[in-house]
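A short worksheet on the structure shown next.
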There are 2 protein chains.
Amino acid sequence: MFVPTVAGKRFLTNQLRKSPQFTRMLTSHAVIFSSHGEPKDVLKTHTYEIDENNIKPNEIVLKTLGAPVNPSDINQVQGVYPSQPEKTTQLGTSEPSAVGGNEGLFEIIKIGSDVKGFQVGDWAIPTSVNFGTWRSHALCEEGKMMKVPNPEQSKQAGKKQGLTINQGATLSVNPLTAYLMLTHYVKLTPGKDWFIQNGGNSAVGKFASQIGKLLGIHSISVVRDRPEIEELKKELKEVCGATQVITEEQNNSKDFGPQVKQWVKETGGEIKLALNCVGGKSSAGVARKLAPNGLMLTYGGMSFQPVTLPTSLHIFKNVTSAGFWVTELLKSDPNLKRETVDKIVEWYTSGELLDAPSKENQWGDQDLAQVFIDAVANSKSGKQLVKF
Amino acid sequence: MFVPTVAGKRFLTNQLRKSPQFTRMLTSHAVIFSSHGEPKDVLKTHTYEIDENNIKPNEIVLKTLGAPVNPSDINQVQGVYPSQPEKTTQLGTSEPSAVGGNEGLFEIIKIGSDVKGFQVGDWAIPTSVNFGTWRSHALCEEGKMMKVPNPEQSKQAGKKQGLTINQGATLSVNPLTAYLMLTHYVKLTPGKDWFIQNGGNSAVGKFASQIGKLLGIHSISVVRDRPEIEELKKELKEVCGATQVITEEQNNSKDFGPQVKQWVKETGGEIKLALNCVGGKSSAGVARKLAPNGLMLTYGGMSFQPVTLPTSLHIFKNVTSAGFWVTELLKSDPNLKRETVDKIVEWYTSGELLDAPSKENQWGDQDLAQVFIDAVANSKSGKQLVKF
């Protein structure tokens, strides 16, 4: 049960006050918001106590190992994201509030008497979004968590390496997005078929190139031109496994089309899938390279331009344009998340897949909300991970 | 068999010259093109003779009743349309050539000994595109034609009225496009659900409103604002059965959204389908009004702007954007054409569906190519039908 320490002291029953376990309460620091706005204005630390000796038979107690700041987490706090956690007073807040954060890695530190899926020491990630991962500890039903191997377990299973905290804490969004876009919609024939993507240097883009290579699917990554373009091409090809890397100028150039056709012809396949996280003319460019009946999946809009598709591609090439939102897809299919997480974990622990590095922020004795507020502010310079 | 009269005289065998049927040859005037360009530059009349007493057992001889000029016919001649008839010398042309035109209504005037599906006097339309309908007569295998009732047959079947030549000759493109877009992709619940379309005053748009009403589906037609907007709204609602008619300004206005939501709420349904023949911001406007998981079908691009879709509609509302091309759909499913033609004919002969009037051009003793060249030139002022 939750025992609030601040606003909700009235919930502390006399019975509990008298119990010998009273001194064993675990204090959780949670970053909450009760209204929407800029994170620096609305995020606050709320502390509450978890009575770890009085948990229900199906409950588990978690210690957070790490939780990242995703753009969607920020948008959620701002109130501009369609998926929102329910605001409640369950944690003893005076106003209905929600805990921020959707991704995170947790260690199980206590299990209820009927818990079947976990042992103390196991690692876990939330089964669904809106768990509220920006907190030091949590109490929940075991079904809310999905086990992933801790390093000791990976070692015992003969794996090359264990998951890092960064890998575990950032498993659910970017790698799953890349993997599911490549596998869930279009049948791509290994060794032959291709996908094309813009934002080839984004986190999802790098995962897509890597996973494409692991699956035997060729890829063309479109990136913005820049002074160090040759170094970037080299990195995306040699480290991330992109088959070809082209610039946005080439993506939008008619003259470059025959080169792309030549690459594809050499493998005897087709470009059946385009991944778009940019929009505007970049989306038109990648869509134009699709084979007849191809699919473009849009999962982001970094240019803030709408998705743009030449009419003739729709009518005469039967190109379809659809959206991808990992949250919605997995909400309707929890088994798919389990399978996909297992696949990614397998590649991480075999050393075949590289994660996207995060900037680490260690929580010590600072105000936890301030740690996340700073991490939000620093997000522009790269993905931030708060370690506990 | 084809017996060319001009360039191909060498094909006239001695045997035929001696036969008593030689004088019974039927002269067909065909509008052909051997290279692509503007119709006035490349369309030519080619005459050839059909030896109607020496047809194969599975062949039929046709007299053309009417053939329209569609935009796609013009684009085909210009060489900018992806579906093209094969150019051959079968009709005795000196260069490989194709006969223009894809839609038309024909009367069967002679049948081969094994023909099962037709009798002399029956009416028919081509089973597929690229038949080459711009000619006065034709000889083909019976499978190339699909029977439709002639007025006498409709009368005998107790129908209110027979097909007109305009209805029969323009059956395959616009009414089928409207019907198939409304029925082939999304399940719309009669009495509850809605579709929205731009180009509400176009030929397909008017068919869609009418067919929507016949199927019990509510519709919102978007039209450009104009001085006589109230008359147009009245016509589209009262004659064509559009449930609501709005302007492009309203389509693009956020303030108008609640009004649309209110209309839809009153029927307890959803806007599950958007039909787009305009593109640009008009396509974004109709797509925005779709319910979650809605589909936008693009079948034209009158604004010459690409299809534009706000990124969030793809990602967070799971809106899909696809193309519709009646040619490609029916190529892969001939039974679907039969069923759909029957449905449209049923509505025409019951008097429930109004056709789009065409400007009629009667062919007499003029050069047939010139008749079609003039019709192409006049197409800007309305759809042209050549009657024979």
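Remarks
- For B:Lys40, net neighbour charge (Lys/Arg +1, Asp/Glu -1) across residues whose Cβ lies under 15 Å away: -3
- Principal-axis analysis of the Cα atoms of chain B puts helix B:368-378 at an angle of about 20° to the longest axis.
- Inter-copy label distances at A:Ser332 (7 Å, Cα→Cβ; nm, one decimal): 2.1
- Each Lys and Arg adds +1 at its Cβ and each Asp and Glu adds -1 at its Cβ; summed about the Cα centre, chain B shows a dipole of about 460 debye.
- Of the solvent-accessible surface of the protein assembly as shown, computed with a 1.4 Å probe and all protein chains present, 50% belongs to carbon and sulfur.
- Taking every Cα-Cα distance in chain B and sorting them into 20 Å bins from zero, the calculated P(r) comes out as 26, 52, 19, 2, 0 percent.
- Based on the Stokes-Einstein relation at 37 °C and a viscosity of 0.692 mPa s, and on the Kirkwood radius from alpha carbon pairs, segment B:185-322 is assigned a translational diffusion coefficient of 225 µm²/s.
- Segment A:331-388 and segment A:131-204 have Cα centres lying 10 Å from one another.
- The H on the amide N of A:Phe195, modeled in the peptide plane, is under 5 Å from the matching H of A:His218, A:Ser219, A:Ile220, each at least 5 residues off or on a different chain.
- Efficiency of FRET from Cβ geometry, B:Glu228 and B:Ala377, R₀ 22 Å, rounded to 0.05: 0.25
- Helical runs (DSSP H, four residues minimum) scored at -39500 (n - 2.57) apiece and divided by the length of chain A put the mean residue ellipticity at 222 nm at -9000 deg cm²/dmol.
- ³J(HN,Hα), Karplus 6.51/-1.76/1.60, whole Hz, each residue of segment A:265-281, x for Gly, Pro: 4, 4, 9, x, x, 9, 8, 9, 9, 10, 10, 10, 10, 10, x, x, 5
- Counting Lys and Arg as +1 and Asp and Glu as -1 over every other residue whose Cβ lies under 9 Å from the Cβ of A:Ala356, the net charge comes to +1.
- Under a 5 Å amide H cut-off, with hydrogens placed 1.01 Å from N, B:Leu65 pairs with B:Leu105, B:Phe106, B:Glu107 among residues at least 5 apart or on other chains.
- Residues with amide H under 5 Å from that of B:Ile246, placed H, sequence gap 5 or more: B:Ser221, B:Val222, B:Val223
- Scanning chain B for the Cβ atom closest to the axis that brings B onto A yields residue and whole-Å distance B:Ser321, 2.
- Folded to 0 to 90 degrees: helix A:229-238 orientation relative to chain A principal axis, Cα: 70 degrees
- Simple rule: put +1 on each Lys or Arg Cβ and -1 on each Asp or Glu Cβ in chain A, find the dipole, and look at A:Trp263, A:Ser312, A:Tyr179; the Cα lying farthest toward the positive end is A:Ser312.
- Computed from backbone phi with θ = phi - 60° and the Karplus coefficients 6.51, -1.76 and 1.60, the 3J(HN,Hα) list for segment B:186-203 is 10, 7, 9, 7, x, x, 10, 7, 10, 10, 10, 9, 8, x, x, 9, 6, 4 Hz; x is used for glycine and proline.
- For chain B, share of DSSP beta bridges that run antiparallel, in % to the nearest 5: 60 percent
- Average accessible area per residue (Å²) across chain A - probe 1.4 Å, nucleic acids and ligands excluded: 44 Å²
- Shielding of peptide B:278-284 by partners, expressed as the average count of other chain Cβ atoms within 10 Å per residue Cβ, is 2.
- Rounded to the nearest 20, the Cβ-based charge dipole of segment B:185-322 about its Cα centre (Lys and Arg +1, Asp and Glu -1) stands at 400 debye.
- Between B and A, accessible area buried - total, square angstrom, nearest 100, 1.4 angstrom probe: 1800 Å²
- Diffusion of the protein assembly as shown by Stokes-Einstein, at 37 °C in a medium of 0.692 mPa s and with Rh set to the Kirkwood radius over alpha-carbon pairs, works out to 108 µm²/s.
- The order of the peptides B:141-153, B:190-202 by mean Cβ neighbours within 10 Å, most packed first, is B:190-202, B:141-153.
- Charged neighbours of B:Lys116, selected by a Cβ distance under 13 Å, balance to -4 (K, R count +1; D, E count -1).
- Across segment A:150-156, rounded Karplus estimates of 3J(HN,Hα) from the backbone phi angles (6.51 cos²θ - 1.76 cosθ + 1.60, θ = phi - 60°) give 7, x, 4, 5, 5, 4, 5 Hz, Gly and Pro being marked x.
- For B:Ser113, the distances from its label point to the matching points in the remaining copies are 9.5 nm, ordered from shortest, with each point set 7 Å beyond Cα toward Cβ.
- Which of B:Gly300, B:Ile211, B:Asn335, positive extreme of dipole for the protein assembly as shown (C-beta unit charges): B:Asn335
- Sorted from shortest to longest, the distances between the B:Pro227 label points of this copy and the other copies are 6.1 nm, with each point 7 Å from Cα along the line through the beta carbon.
The values are calculated or read from the model by the stated rules, or taken from the named source; none is laboratory data. It should be emphasised that the depicted structure is a prediction, and the values quoted were computed from it without experimental measurement. Ideal geometry is used to build each Cβ from the backbone, glycine not excepted, and the neighbour counts take in all protein chains shown. Protein only, heavy atoms only, side chains kept; ligands, DNA and RNA dropped before computing areas. Shrake-Rupley method; radii C 1.70, N 1.55, O 1.52, S 1.80 Å.
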